[in-house]
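Some notes on the structure that comes next.
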Amino acid sequence: MPLRCFLAVLLPVCGMQAAEFQAPKKWSFATHITPILTFGGCNQSACHGSPVGKAGFKLSLYGSEPEKDYDVLVNSSPGRRVNTANVDESLLLRKPAMLVAHGGGPRFRKDSHHYQTLRAWIAAGAPFGGKDAPQLDRIEVAPDYRVLKARNETINLKVTAVYSDGSREDVTGLSIFSSNDESVLKVSPAGAATAQGATGEAAVMVRYAGKFAAPVYGVSTFPAVKVPPVDLANPIDREVYARLRLLNIVPSPLCSDEEFIRRAYLDIIGTLPTAADVKLFTGSRDPAKRSILVDQLLERPEYADLQTLLWADRLRSDSRFHRIGGVRSYYRWLTDQFLVNRPLDRIASDLLTARGPNFTNGNANYWGNYDKISTPIETAIQTGQVLMGVRIGCAQCHNHPFEKWTQNDFYSLAAVFSQVVEFHTKNAQEFDLRINPAQAVINPATKAAAVPRYLGGGVIDVPPGEDRRIAFASWLTRKGNPFFARTMANYIWRQMMGRGIVNPVDDFRETNPPTHPALLALLARELEDHNFDQKHLIRLIASSRTYQHSSSSNETNRLDFKYYSRAYPKRMMAEVYMDAVAQVTNIADTFKDWPEARRAVQLPDNRYPSVFLDVFERSSRLVICDREENVTVPQALQMVNGPEVQQKLSSPDGRLARWLGSGRPDSEILDELFLTTLSRRPSAREKDRLLTRIGKAANRLEMWEDLTWAILSSKEFMFNH
């Protein structure tokens, strides 16, 4: 079936009866006609909204450019699509009503409200609408937040258009509805939202005439339960537990000391605790020992190594973009920032305002792209996504279909970076950043130089010749900026909790709302109030009951993956996993041509050849996105056949050979192995079963190697839980 025919089946045929029709007092093409085209699917990408249109007729995507659409309908091929002299012969009426052949199938009936609206508009002379016509200001969706208590319970959404003159209009019948989680809530084309089987919340994306709303509704099929009283002194817990109570989700209990020390080590410094660390921590009776441990970890150099790796992923530090000299200086610069706990706003400002040769000025590599500097367009996309949490790249070619950003917004942001030019040094692979005030960015829509603006704000007005990046960086990192603090807070939350409050972490938009808006605002304020001290926020999160939940589940939270009622197991990053294997076996890796890297986490360049790192999905850094955390068949095969693991296990210089040569009893060695790998002692059942097998083994060394391999390959080892 051709796609356009398939869509004709999927999309609703409008059926509001003509008897309900009443022509508006003042016509506006953008608010009265465009929504009908959008509701009928005429301007979507699979139909006339595609880049090349359909059957010689092209509309802007989702009606984002009403002026152009009006011109195509009314002024192109006059009297054909819109015929004001003989209204009923207009193809705009006849084709969607299937009065003549239409490849897109029926869009509405002749007796429908939509047909009569179009007919009345054409009969009125097909006006575009003057400046005196009320402009659509926003849409409002009712009812407000509520929790549905039973499967198949339904609420009917009502969408109201609010105009610039204060007038209001019910536009439910012309609005487009979709749910971001249909396992929780499904929405009909008419706006009936029905609870499904899963407990949770769903955002309903509502679109009308280029305006968006995303109200959130909850569903809980669990009976109300009384959660045992717990200490909610941490503000994070108050926000999280309030949501859990609304949804009748019972949180898991606190994790054990063994679970906590392993979790904190991996989350904060990317290494396993040693057996001695575990014994010391679990043996302590200090009630503040968890907070003390977090403080100690934050002062270790491995903290800076892990943060550098995370930021190198975001910033795409890669020898393809920056060459070896640039990668080295970039990595060294980042590490230096985190070693001294440089505030995040200062790091961002230095990246945005960098100057000089990139081989000696590490922050200049923010601007690098294959032996040359990034274009203003590339920098706008990178800055929007990495430092502002906004995927604005769509607006490079057209107004964003599901967000407020326009093509003008995009090129005004790109114009901020247009002054940056490249000078070559004696090294052909190095670039030197300088400023040329005369440089400009041309907006293809207007064919004129774009005016530099703060995203969503005013013009950047600086004296002639001054570097406007400085003003932009100051605006972005100031207290109260709508982008920076929330994005940094979301990154840190994702690192510690395994999921962003906005997820994906760099995709903030009205139609992708945060799961916990008040919590995100709280974390952003904490960053701002503590001078963007990342360690402060990590301490706050790690000291919360929410962070310290066990990963065990109960009947109510077994399917919870975004309300933080339990700890979500996180697969180790490829580099962390490689280092963990080296730590357990006590056989260090060596990295040719990178003597500064003693561990995989410290590798400046992700181009370093390693099958192990590739199989376990290190970041390609080709695009800005989160890593994958899948468990795959190639990973299992790598653990079976990969030389990295097998050689370490059988090395005569390894930890296992040393243990077996020490004369210690198998019972002690088994305890040490479990403490070293899993940060716990074996259970009585595990110990009895394993010691029996070891005692019966024909080859004791091979048996211990097999046992160690089995633990290294297990989910309990591979995951931080």
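The values are calculated or read from the model by the stated rules, or taken from the named source; none is laboratory data. What you are looking at is a predicted structure, and each value in this text was computed from that prediction instead of being measured. As a convention, Cβ positions derive from the backbone with ideal geometry for all residues, glycine included, and neighbour counts pool all protein chains shown.
Name the single residue, out of those in the range 538-553 being touching a strand residue (DSSP E or B) at 6+ places or on another chain (Cβ under 8 Å) and part of a loop (DSSP other than H, G, I, E, B), that is surrounded by the most Cβ atoms within 10 Å (Cβ to Cβ).
548
Among the candidates 142, 161, 123, which residue alone is surrounded by 13 or more Cβ atoms within 10 Å (Cβ to Cβ), closer than 30 Å to residue 404 by Cβ and at pLDDT 90 or above?
Criteria check complete, one pass: 161.
Given the structure, is residue 581 under 17 Å from residue 495 (Cβ atoms), part of a helix (DSSP H, G or I) and hydrophobic (A, V, I, L, M, F, W, C)?
no
Quick check on my filter: what residues within the range 465-516 are over 19 Å from residue 533 (Cα atoms) and not in a loop (DSSP other than H, G, I, E, B)?
Matches in the range 465-516: 468, 469, 470, 471, 472, 509, 512.
Can you report the number of residues in the range 295-314 which are farther than 12 Å from residue 602 by Cα and part of a helix (DSSP H, G or I)?
7
Looking only at the range 420-437, how many residues end up being in a strand (DSSP E or B) and within 17 Å of residue 328 (Cα to Cα)?
Summing the residues that are in a strand (DSSP E or B) and within 17 Å of residue 328 (Cα to Cα) in the range 420-437 gives 2.
Run residue 517 past the list (1) over 18 Å from the mean Cα position of the chain (by Cα); (2) over 24 Å from residue 309 (Cα atoms) and report the number of the one that doesn't hold.
Only one criterion is unmet by residue 517, namely (1).
Going through the range 85-105 one residue at a time, which ones are crowded, with 16+ Cβ neighbours inside 10 Å, in a loop (DSSP other than H, G, I, E, B) and either among the aliphatic types (A, V, I, L, M) or in contact (Cβ under 8 Å) with a residue 40 or more places away in the chain (or both)?
Hits for the range 85-105 are 96, 97, 98, 104, 105.
Please go through the range 324-337 and give me each residue that is crowded, with 20+ Cβ neighbours inside 10 Å and touching a residue at least 40 places away in the same chain (Cβ under 8 Å), ordered by number.
326, 327, 328, 330, 331
Could we say that residue 202 is within 26 Å of the chain's Cα centre (by Cα) and either over 22 Å from residue 150 (Cα atoms) or buried (at least 19 other Cβ atoms within 10 Å of the Cβ) (or both) here?
The answer is yes for residue 202.
For the range 679-696, which residues satisfy the criterion of being charged (D, E, K, R), surrounded by fewer than 18 Cβ atoms within 10 Å (Cβ to Cβ) and not in a helix (DSSP H, G or I)?
Hits for the range 679-696: nothing passes.
(1) within 30 Å of residue 35 (Cα to Cα); (2) assigned to a loop (DSSP other than H, G, I, E, B); (3) modelled with pLDDT of 95 or more: which one isn't true of residue 388, the others all being true?
Residue 388 satisfies all of (1) within 30 Å of residue 35 (Cα to Cα); (2) assigned to a loop (DSSP other than H, G, I, E, B); (3) modelled with pLDDT of 95 or more except (1).
Identify the single condition in (1) assigned to a loop (DSSP other than H, G, I, E, B); (2) surrounded by 13 or more Cβ atoms within 10 Å (Cβ to Cβ); (3) modelled with pLDDT under 90; (4) not basic (Lys, Arg) that residue 130 does not satisfy, given that it satisfies every other one.
Among (1) assigned to a loop (DSSP other than H, G, I, E, B); (2) surrounded by 13 or more Cβ atoms within 10 Å (Cβ to Cβ); (3) modelled with pLDDT under 90; (4) not basic (Lys, Arg), residue 130 violates only (2).
For (1) touching a Phe, Trp or Tyr at 6+ places or on another chain (Cβ under 8 Å); (2) without any contact (Cβ under 8 Å) to a residue 12 or more places away in the chain, each residue gets a yes or a no:
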{"position": "395", "(1), (2)": "yes, no"}
{"position": "407", "(1), (2)": "no, no"}
{"position": "411", "(1), (2)": "no, no"}
{"position": "420", "(1), (2)": "yes, no"}
{"position": "426", "(1), (2)": "no, yes"}
{"position": "430", "(1), (2)": "yes, no"}
{"position": "433", "(1), (2)": "yes, no"}
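Filter the range 598-623 for residues that are of a type in the set (Lys, Arg) and touching a helix residue (DSSP H, G or I) at 6+ places or on another chain (Cβ under 9 Å); which is nearest to residue 313 (Cα to Cα)?
621
Determine which single condition residue 591 fails, assuming it passes every other condition in (1) in contact (Cβ under 8 Å) with a residue 40 or more places away in the chain; (2) hydrophobic (A, V, I, L, M, F, W, C); (3) more than 22 Å from residue 480 (Cβ to Cβ).
Of the numbered conditions (1) in contact (Cβ under 8 Å) with a residue 40 or more places away in the chain; (2) hydrophobic (A, V, I, L, M, F, W, C); (3) more than 22 Å from residue 480 (Cβ to Cβ), the odd one out for residue 591 is (1).
Would you be able to say whether some residue in the range 509-527 is among the aliphatic types (A, V, I, L, M), farther than 25 Å from residue 561 by Cα and not assigned by TED's automatic domain parsing to the domain that holds residue 341?
yes
Has the range 529-537 got any residue that is more than 30 Å from residue 324 (Cβ to Cβ) and surrounded by 21 or more Cβ atoms within 10 Å (Cβ to Cβ)?
Yes.
Counting only residues that are under 12 Å from residue 574 (Cα atoms), touching a residue at least 60 places away in the same chain (Cβ under 8 Å) and surrounded by fewer than 16 Cβ atoms within 10 Å (Cβ to Cβ), how many does the range 600-639 have?
2
Would you check which residues across the range 145-158 are in contact with a helix residue (DSSP H, G or I) (Cβ under 8 Å, 6 or more places away or on another chain) and either β-branched (Val, Ile, Thr) or surrounded by 15 or more Cβ atoms within 10 Å (Cβ to Cβ) (or both) and list them?
Those that are in contact with a helix residue (DSSP H, G or I) (Cβ under 8 Å, 6 or more places away or on another chain) and either β-branched (Val, Ile, Thr) or surrounded by 15 or more Cβ atoms within 10 Å (Cβ to Cβ) (or both): 147, 157.
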